[in-house]
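What follows is a set of notes on a single structure, which appears directly below.
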Amino acid sequence: MAKVIGAIVVDEEHCKGCEVCVVACPTQVIGMTDRVNSKGYHIAYMETPESCTGCANCAIVCPDGVITVYKMKKEA
Amino acid sequence: MDIKDIIKPENLVYKKTDHMTDKVLSYCPGCGHGTAHRILMEVIDEMGVRADTIGVAPVGCSVLAYDFMNIDMQGAAHGRAPAVATGIKRCWPDKFVFTYQGDGDLAAIGTAETIHACNRGENITILFINNGIYGMTGGQMAPTTLEGMRTTTSPYGRDLESMGNPIKITELIANLPGVHYVTRQAVHTPRYVRRTKKAIFKAFDIQKNKKGLSFVEIVSNCNSGWKMTPNQSNIWMEDNMFPYYPLGDIKVDGKIINE
């Protein structure tokens, strides 16, 4: 059965660490890094990349539009 | 499977539209303005009317909207965006003209311009971002501030007796005959963002068919003005703003919807 797997790419320099994407993710993929970018904000990243379905909910609510979403079918 | 195998151009699902410039938004982290800007630009992108669209930027937090939206924009004096948009639309009736205003701009200093532009039924689209506070100047009380809400100019909470009632300008405008479409939406969760995008689509469609003025209110957060984290402010907004400013269509096809 084909399963969908997704991935997100965060523009680290432009992420403001607001964490709106963290609660928007239906599969709790996104976490915040301990390191900060040059503005001092923590950056969103994929904590559990295997659960990402590429639904793009995080990218839709991201106020700064820093998230790019990719999705492909995976043969299980 | 490696993530590098997924991140390929052919697997792209969503990326920021090129109708937004690459400038870093001047808004606070978690502010709804960024989302509202982006979905507005997505609508213009999907309609393919970038060359035929003229936006009018307000005064307020979104005063630099012309820096972020990669389309033709015009700045307006405080509150006068609907008047400027009227002029632009009458010069070029075939262009899409929208204004993007906050509550201090549209519901306070610009009340007269807003109401008269709506009453004349100018064929423009007004986007109204309501966060119940004057964000740019440091969180003072706005006409839309809720009862009991603490701001820097109402430190004990808004008192209705001395400060008056929060204004429901959207309901007020819905009563004017020139207005064709009035709706109130939000942009704090994916579900509401999608709905708001549909509403903006409809608003531009009405403008295309020259049916009259379309008015989209977006209830938004102001986490720095409300002194909360972005997620806290979104929850506070759901609990406090939405009961007073209920979401949904208020006027469709020129007829007020009675709940």
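The values are calculated or read from the model by the stated rules, or taken from the named source; none is laboratory data. Since we're looking at a predicted model, the values are computed, not measured. All Cβ positions, glycine included, derive from the backbone under ideal geometry; neighbour counts span all protein chains shown.
For the structure I just gave you, tell me whether A:Cys25 is within 9 Å of chain B (Cβ to nearest Cβ) and surrounded by 19 or more Cβ atoms within 10 Å (Cβ to Cβ). No.
Would it be correct to say that B:Tyr244 is in contact (Cβ under 8 Å) with a residue 24 or more places away in the chain, within 18 Å of the chain's Cα centre (by Cα) and farther than 17 Å from B:Thr35 by Cα? Considered against the rule, which asks whether it is in contact (Cβ under 8 Å) with a residue 24 or more places away in the chain, within 18 Å of the chain's Cα centre (by Cα) and farther than 17 Å from B:Thr35 by Cα, B:Tyr244 comes out as yes.
Confirm whether A:Gly65 is assigned to a loop (DSSP other than H, G, I, E, B) and either touching a Leu at 6+ places or on another chain (Cβ under 7 Å) or within 20 Å of B:Leu12 (Cβ to Cβ) (or both).
Details: assigned to a loop (DSSP other than H, G, I, E, B): yes; either touching a Leu at 6+ places or on another chain (Cβ under 7 Å) or within 20 Å of B:Leu12 (Cβ to Cβ) (or both): yes.
Answer is yes for this residue.
For segment B:172-192, the criterion of a residue being loosely packed, with under 15 Cβ neighbours inside 10 Å and of a type in the set (Lys, Arg) is satisfied by at least one position. Taken over segment A:46-73, residues that are within 11 Å of chain B (Cβ to nearest Cβ) and either surrounded by fewer than 19 Cβ atoms within 10 Å (Cβ to Cβ) or closer than 19 Å to B:Ile6 by Cα (or both) amount to 19. Filtered by the rule that a residue be more than 7 Å from chain A (Cβ to nearest Cβ), farther than 14 Å from A:Ala56 by Cβ and either out of contact with any Phe, Trp or Tyr (no Cβ under 7 Å at 6 or more places or on another chain) or surrounded by 16 or more Cβ atoms within 10 Å (Cβ to Cβ) (or both), segment B:9-22 gives B:Pro9, B:Glu10, B:Asp18, B:His19, B:Asp22. The residue list B:Ala85, B:Ala65 contains one member that is at pLDDT 95 or above and either part of a helix (DSSP H, G or I) or over 30 Å from B:Ala142 (Cβ atoms) (or both), which is B:Ala85.
Restricting to segment B:44-62, give me the number of residues that are assigned to a helix (DSSP H, G or I) and of a type in the set (A, V, I, L, M). Outline the logic, then answer.
We begin by selecting, within segment B:44-62, every residue assigned to a helix (DSSP H, G or I); these are B:44-47, B:50-52, B:61-62.
Pick out the ones that are also of a type in the set (A, V, I, L, M) and you get B:44, B:47, B:51.
Residues in segment B:44-62 being assigned to a helix (DSSP H, G or I) and of a type in the set (A, V, I, L, M): 3 in total.
In segment B:23-43, the qualifying residues are those that are in a loop (DSSP other than H, G, I, E, B) and within 9 Å of another protein chain (Cβ to nearest Cβ), and the one that is surrounded by the fewest Cβ atoms within 10 Å (Cβ to Cβ) is B:Val24.
Can we say B:Thr114 is touching a Cys at 6+ places or on another chain (Cβ under 9 Å) and not in a strand (DSSP E or B)? Outline the logic, then answer.
Values: touching a Cys at 6+ places or on another chain (Cβ under 9 Å): no; not in a strand (DSSP E or B): yes.
When the stated conditions are applied, B:Thr114 does not pass them.
Within segment B:223-259, count every residue that is touching a helix residue (DSSP H, G or I) at 6+ places or on another chain (Cβ under 7 Å) and closer than 30 Å to B:Asn119 by Cα. Here the count works out to 3.
Note on segment B:202-239: residues that are farther than 19 Å from B:Thr183 by Cα, in a helix (DSSP H, G or I) and in contact (Cβ under 8 Å) with a residue 24 or more places away in the chain amount to 8.
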